[in-house]
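Scroll down for the structure; my scribbles are underneath it.
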Amino acid sequence: MKTIGLIGGMSWESTAEYYRLLNELTRDRLGGLHSARCVLYSVDFADIERLQTEGRWAEAGETLAAAARSLAAAGADMVLICTNTMHKVADSVEAAVSIPLLHLADATAEAVRAAGLRRVGLLGTAFTMEQDFYRGRLEAGGLDVLVPDAEGRALVHRVIYEELCLGVVQDASRAAYRKVIEDLVADGAEGVILGCTEIELLVGPADSPVPVFPTARLHAEAAVAAALE
């Protein structure tokens, strides 16, 4: 099995899910006591969040690029950025190392296409929902992407940073997310991308009238498949 390199800590709540998923998926594929070969570089999310808020994306990219180089030096055969939002600096990470970067949006778009869907709603941080680095990648993959209205986007973003990244899961927020999902479906969404890795801690298939696409799980599945090729 190849070694999977993880740039995590953004937040560690979802990075812990990545670790669990990678090991469960490897065990399911190989059986017995098998677990994933992986190396984790976990950053301090407070530093990254400050750079996000201040728009200092180049510096954030340098931080993640340094993490990628450390993973490569530690023997990683591929790199995953364990967060949707920080794929804004994916080009900087990819350029820093000679090992491949498994892009989260590509794995997600492939899963949506495999399900026979094209028009999807996207939930995530404000950066992910409103900027082109992620939506554009999905659209280049053949998808038609819808996002919530301004009020919905603000709610989804707030819950991510003020609750989920801190390990807080509230029923009221789950109900609010369900309403946002219902509105996307009313606008024509055939499926919903859970485009922030923490969102999977709050909602799942039972919370949506259409298929949901949990990006952390899809990313982990793609990584295990690549590692076992």
Contact list please: Cβ distance under 6 Å, first residue in segment 19-48 and open to solvent by 40 Å² or more (accessible area, probe 1.4 Å), second residue charged (D, E, K, R), pairs at least six apart or on different chains. 34/27
Pick out, from segment 49-140, the helices (runs of 4 or more DSSP H) lying fully within it that include 1 or more residues that are within 13 Å of the chain's Cα centre (by Cα). 90-96, 104-114, 126-130, 132-140
Based on what the data block shows, is residue 216 in a helix (DSSP H, G or I) and in contact with a strand residue (DSSP E or B) (Cβ under 9 Å, 6 or more places away or on another chain)? yes
Filter pass, residue 116 being free of Cβ contacts under 8 Å to residues at least 24 places away in the same chain and either closer than 16 Å to residue 216 by Cβ or surrounded by fewer than 17 Cβ atoms within 10 Å (Cβ to Cβ) (or both): yes
When the residues of segment 210-229 are narrowed to those that are within 21 Å of residue 169 (Cα to Cα) and not basic (Lys, Arg), which ends up surrounded by the most Cβ atoms within 10 Å (Cβ to Cβ)? 215
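The values are calculated or read from the model by the stated rules, or taken from the named source; none is laboratory data. The model shown is predicted, which means the values in this text are computed figures rather than measured ones. Neighbour counts are summed over all protein chains in view; Cβ atoms, including those assigned to glycine, are modelled from backbone coordinates with ideal geometry. These area figures cover heavy atoms from the full protein model, side chains too; ligands, DNA and RNA do not enter into them. Shrake-Rupley method; radii C 1.70, N 1.55, O 1.52, S 1.80 Å.
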